[in-house]
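The values are calculated or read from the model by the stated rules, or taken from the named source; none is laboratory data. The structure presented is a predicted model; accordingly, all values stated were derived computationally and were not measured. Cβ placement follows ideal geometry from the backbone for every residue including glycine, while neighbour counts extend to all protein chains displayed. These area figures cover heavy atoms from the full protein model, side chains too; ligands, DNA and RNA do not enter into them. Shrake-Rupley method; radii C 1.70, N 1.55, O 1.52, S 1.80 Å.
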Amino acid sequence: MREVKVAKSAGFCFGVKRAVEMVYSEAAKGKKVYTLGPIIHNEQVVNDLEKKGVNVINSVNDIKDGENITVIIRSHGISEDIYNQLKAKKVNIVDATCPFVAKIHRIVQEKYKEGNQIVIIGNENHPEVEGINGWCENNAYIIESTSEAEKLSLDYEKKVCIVAQTTFNYKKFKDIVDILAKKSYDINVMNTICNATEERQTEAGTIAEQSDAMLVIGGKHSSNTQKLYEICKSKCSDTYFIQTLDDLDLKKLQSFRSVGITAGASTPNNIIKEVQTYVRNEQ
């Protein structure tokens, strides 16, 4: 039997667990329920919710005026404009925005009103970042690499408020902030990376260093899982990204005596357990 080590921090984070529980709770009430975008980046969870009558809509325009429905805002959050559009539809709104993301919305809104230039360190196409940008009239500077930080040119007359996508790589965040700090702007750095993200990334890297092979489980569209994969791959060349057990090619693992496992914040515990059991018992 091979040695299998599973990260303690693997799986649902606080914000995702809270959001998923809120959706299941609403589904049990027997009312028409929609989520604005997939509640989390995990196909298995979204499919299970669909079986319980929860459907995904991708735009407020998909809602008919006066419809007697519940619309759930996902953990990634939405922009101020979309929130106001939702309110205008007079539907029952259930806000499952992660509290850590909602805190960034408040920071960005407040600092922007004070005249600060807003810099978001993150992926501009990620729904969380799109939502954050929407609380400063979509006027934020969004960067995710040191090369973009080098090229960034801001107004020296105005203060700069820097925030981060909650699931951003902490080391990359520090490197980018160091570059911006050297430019002598009047900066206020708010490290808004979630503590759970930092812990998960650190633990994943440690396990990857100690293992012959590493499995990273998560949705293919999950940003935080992709970052975990990058971290693990840099520490362990035999790192594999899978969504479920079906994606696992056991032949690749046959020669390894120790296998590490971690999982993104949107990965249900049953999928992690299934992979762990199979990897431990199969030779």
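With a cut-off of at least 1 residues that are of a type outside the set (Phe, Trp, Tyr), over 24 Å from LYS103 (Cα atoms) and in contact with a helix residue (DSSP H, G or I) (Cβ under 6 Å, 6 or more places away or on another chain), name the strands (runs of 3 or more DSSP E) lying wholly within region 116-221. Can you show your working first?
On the way: elements: 117-121, 141-143, 160-164, 187-189, 213-217.
In region 116-221, the matching strands (runs of 3 or more DSSP E) lie at 213-217.
So which of ILE72, ILE82 is out of contact with any Phe, Trp or Tyr (no Cβ under 9 Å at 6 or more places or on another chain), among the β-branched types (Val, Ile, Thr) and either open to solvent by 20 Å² or more (accessible area, probe 1.4 Å) or not in a helix (DSSP H, G or I) (or both)?
Exactly one of ILE72, ILE82 is out of contact with any Phe, Trp or Tyr (no Cβ under 9 Å at 6 or more places or on another chain), among the β-branched types (Val, Ile, Thr) and either open to solvent by 20 Å² or more (accessible area, probe 1.4 Å) or not in a helix (DSSP H, G or I) (or both), namely ILE82.
So the check is Cβ under 6 Å with 6+ separation or different chains; which pairs have a first residue in region 261-281 that's part of a helix (DSSP H, G or I) and a second one that's of a type outside the set (A, V, I, L, M) and open to solvent by 10 Å² or more (accessible area, probe 1.4 Å)?
Partner pairs satisfying both residue conditions: ILE271/THR244.
With of a type in the set (A, V, I, L, M, F, W, C), crowded, with 18+ Cβ neighbours inside 10 Å, within 30 Å of LEU250 (Cβ to Cβ) and touching a strand residue (DSSP E or B) at 6+ places or on another chain (Cβ under 8 Å) as the only criterion, which of VAL46, VAL20 stands out?
On the way: VAL20 fails: touching a strand residue (DSSP E or B) at 6+ places or on another chain (Cβ under 8 Å).
Step by step, each of VAL46, VAL20 is checked, and only VAL46 is of a type in the set (A, V, I, L, M, F, W, C), crowded, with 18+ Cβ neighbours inside 10 Å, within 30 Å of LEU250 (Cβ to Cβ) and touching a strand residue (DSSP E or B) at 6+ places or on another chain (Cβ under 8 Å).
Of the residues that make up region 163-185, is at least one charged (D, E, K, R), within 30 Å of GLY66 (Cβ to Cβ), surrounded by 13 or more Cβ atoms within 10 Å (Cβ to Cβ) and over 21 Å from the mean Cα position of the chain (by Cα)? Walk me through it before giving the result.
Of region 163-185, the ones charged (D, E, K, R) are 171-172, 174-175, 178, 182-183.
Subsequent filtering for residues that are within 30 Å of GLY66 (Cβ to Cβ) retains none.
No, region 163-185 contains no residue that is charged (D, E, K, R), within 30 Å of GLY66 (Cβ to Cβ), surrounded by 13 or more Cβ atoms within 10 Å (Cβ to Cβ) and over 21 Å from the mean Cα position of the chain (by Cα).
One residue is enough: does region 198-207 have a residue meeting the conditions open to solvent by 20 Å² or more (accessible area, probe 1.4 Å), at negative phi and β-branched (Val, Ile, Thr)?
If we filter region 198-207 for residues that are open to solvent by 20 Å² or more (accessible area, probe 1.4 Å), which is where we start, we get 198-199, 202-203, 206.
Filter once more, so that each one left must be at negative phi: 198-199, 202-203, 206.
From what's left, β-branched (Val, Ile, Thr): 202, 206.
Checked region 198-207: at least one residue is open to solvent by 20 Å² or more (accessible area, probe 1.4 Å), at negative phi and β-branched (Val, Ile, Thr).
Does TYR156 qualify as being on the phi < 0 side of the Ramachandran plot and open to solvent by 40 Å² or more (accessible area, probe 1.4 Å)?
yes
Quick check on this structure: which one of VAL129, VAL108, VAL94 is in contact (Cβ under 8 Å) with a residue 60 or more places away in the chain and open to solvent by less than 50 Å² (accessible area, probe 1.4 Å)? Before you say what the answer is, go through the steps one by one.
Working: VAL129 fails: in contact (Cβ under 8 Å) with a residue 60 or more places away in the chain; VAL108 fails: in contact (Cβ under 8 Å) with a residue 60 or more places away in the chain.
Matching residue, one of VAL129, VAL108, VAL94: VAL94.
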